[in-house]
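Since the structure comes first, as structure tokens, the remarks are kept for the end.
Nothing in this text is a laboratory measurement; each read-out follows from the coordinates by a stated rule. Note that this is a predicted model, so its numbers are computed, not measured. Note that each Cβ is placed from the backbone with ideal geometry, even for glycine, and that neighbours are counted across all protein chains shown.
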Amino acid sequence: MIISLVKGILTIHADGICTTSLAAVMLLVGCWLKARNQLLRKYCLPAPVIGGSLAMFLVFLGHEAGLVHIQFDTQFQTPFMICFFTAVGLGAKLSAFSKGMNQGGKLLLVYWLITAFISLCQNLIGLTVGHLIGLEPAYSLLASAISMVGGHGAAGAYGSTFLKMGYPASMEVGASAATFGLIAAVMCGGPMGRFLIEKYHLHAEEEEEAQPLPEKPKNLTHQQLARLDILKNVAVILICMGLGVWLAQGVGILLNMTFPSYVCAMFVGVLVRNLNEKAHWYRFSESLVSSFGEIMLNLYLAIVLMSLKLWEMAGILSGVMLIVLAHVAFMLVMCYFVVFRVLGSNYDAAVMCAGLCGHGLGAVPSAMVNMTVLADQYGMSRKAFLIVPVVGSCLADLAYQPHTLLLIKLFVEKLN
């Protein structure tokens, strides 16, 4: 950490370790506040969102008052995210889904079609609202599916393209829309899922009984075995992460596009877990792996939120904000009246609605934290935890890109 005075303002440069340490502190603060506030518990607001948002606003106030400027190093953000999805993959025991495999496949297709339809509606809503308030189509599209589904990465990529086409505020509009969408995603997803669960008295399906664990080697004491088991479980997580990153690089070269590393890491985890069910290479601990993954997710989200620079949103056009608000309202209406019913009106559907709010307005990790907070309170939905990250991480991109490019061709390039 480097502390200095720059033009009379206390400037703090927090390195990766210090940033992670502060994220852990704010995560604990979020847990403390949630435990003591009935409203926060009632609406299923995640602890990292509470703590990270508090840090975000404190940093914003310090910046606006000219007292302190804090810069965070987010280098561990991506590894934390990959670690979480690896843990999700390792928690997927395919034999538990053998009875409903055909139904699960249909459910994934239906969910994908829903995300494709919603992304198209987002672009059309953005263009319509933008036209009514006199906003240029480029900015309208940047504040729509590009930022809502694609997140900060897509907003930056398209923003740089629009910048070269003569739209000077493209980067600011894209970043601001994606930031607001991320905040809305974690603020709306949990409450939406909780509302559906409580309103329709939904319950998680009971999972099959766990398979008996292999017998302990007789040449090891209980204490030695416990330590070795912990080491093996952590080592497998790290190995799956490495293999996933390496595999994603190969897939990216093959497809000539950037492929999400966490998707491959998750599938490697699924493969390793289910091979281990047959071969018994090591004693898998589901509680250890799931707890480890949840910690990584919470740290990831806390870092994302507390490192957001709200002052960069101060100059955002009011029209762009109206478009984003329209997307939030549309998403909530769709989830309640349409998506929940199309997906089956059951517990899995309610959890997937929370996930849809997450990656349909923000990012896949937002979807995962929305579903995780519901799983902690009401029970696990394995179908949701398998379907939502697969669709949200790559299939949703395949769905929104074609019509987005077409609309750019029709409305943006045409005006230039």
Exercise. How big is D for the range 2-85, in µm² s⁻¹ as a whole number, if Stokes-Einstein is applied with the Kirkwood radius of its Cα pairs at 10 °C and 1.306 mPa s?
Worked result: 112
Problem set entry | Choice from L107, L196, L406 with maximal GNM fluctuation in the chain (Cα, 10 Å cutoff) | L406
Problem set entry | Selected from V68, V25, V245 as most flexible by GNM, with the chain as the system and alpha-carbon contacts under 10 Å | V68
Problem set entry | Pair K42, L406: separation of 7 Å Cα→Cβ label points (nm) | 4.5
Seminar exercise, completed: Cα extents of the range 335-416 per principal axis, largest first, Å, are 52, 24, 15
Problem set entry | On Cα atoms only, tilt of 396-407 relative to the major axis of the chain in degrees | 20
Problem set entry | Debye intensity ratio I(q)/I(0), log10, the range 271-341, q values 0.13, 0.15 Å⁻¹ (C-alpha model) | -0.77, -0.85
For this session: Could you tally the net charge around L33, taking each other residue with its Cβ under 14 Å from the Cβ of L33, Lys/Arg +1 and Asp/Glu -1?
Result: +4
Problem set entry | Cβ-defined net charge surrounding W281, 13 Å radius [Lys, Arg +1; Asp, Glu -1] | +2
Seminar exercise, completed: Plugging the Cβ-Cβ distance of W32 and K199 into 1/(1 + (r/R0)^6) at R0 = 41 Å yields, to the nearest 0.05, a FRET efficiency of 0.90
For this session: Taking the Cα centre of the chain as origin, sum charge times position over the Cβ atoms of Lys and Arg (+1) and Asp and Glu (-1), and report the length of that vector in debye to the nearest 20.
Result: 320
For this session: Would you mind giving the three semi-axes, in whole Å and largest first, of the ellipsoid equivalent to the range 259-416 according to its Cα gyration tensor?
Result: 33, 19, 18
Exercise. If you count, for each residue, the other Cβ atoms within 10 Å and average over each peptide, how do 293-303, 230-240 line up from highest to lowest?
Worked result: 293-303, 230-240
Exercise. Mind checking the log10 I(q)/I(0) for the range 1-143 at q = 0.12 Å⁻¹? Debye, one equal scatterer per Cα, no solvent, two decimals.
Worked result: -0.94
Problem set entry | Net +/- balance of residues flanking F72 in space, Cβ distance below 10 Å, scoring K and R +1, D and E -1 | -1
Seminar exercise, completed: Short to long, in 20 Å steps from zero, the percent of alpha-carbon pairs of the chain per bin is 25, 57, 17, 1
For this session: Normalise the Debye intensity by I(0) for the range 143-196, one equal point scatterer per Cα, no solvent, then take log10 at q = 0.17, 0.22, 0.24, 0.28 Å⁻¹ and round to two decimals.
Result: -0.52, -0.71, -0.80, -0.96
Problem set entry | Burial ordering of L374, L27, fewest other beta-carbon atoms within 10 Å first | L27, L374
Exercise. Taking the inverse of the average 1/r across all pairs of different Cα atoms in the range 317-359, what Kirkwood radius in Å do you get?
Worked result: 11.0
Exercise. What value, in deg cm²/dmol to 500, does the helix sum -39500 (n - 2.57) over DSSP H runs of n ≥ 4 give at 222 nm once divided by the residues of the chain?
Worked result: -23000 deg cm²/dmol
Exercise. Does anything in the range 114-135 have its amide N under 18 Å from the 7 Å Cα→Cβ label point of V338, and if so which residues?
Worked result: 114-129
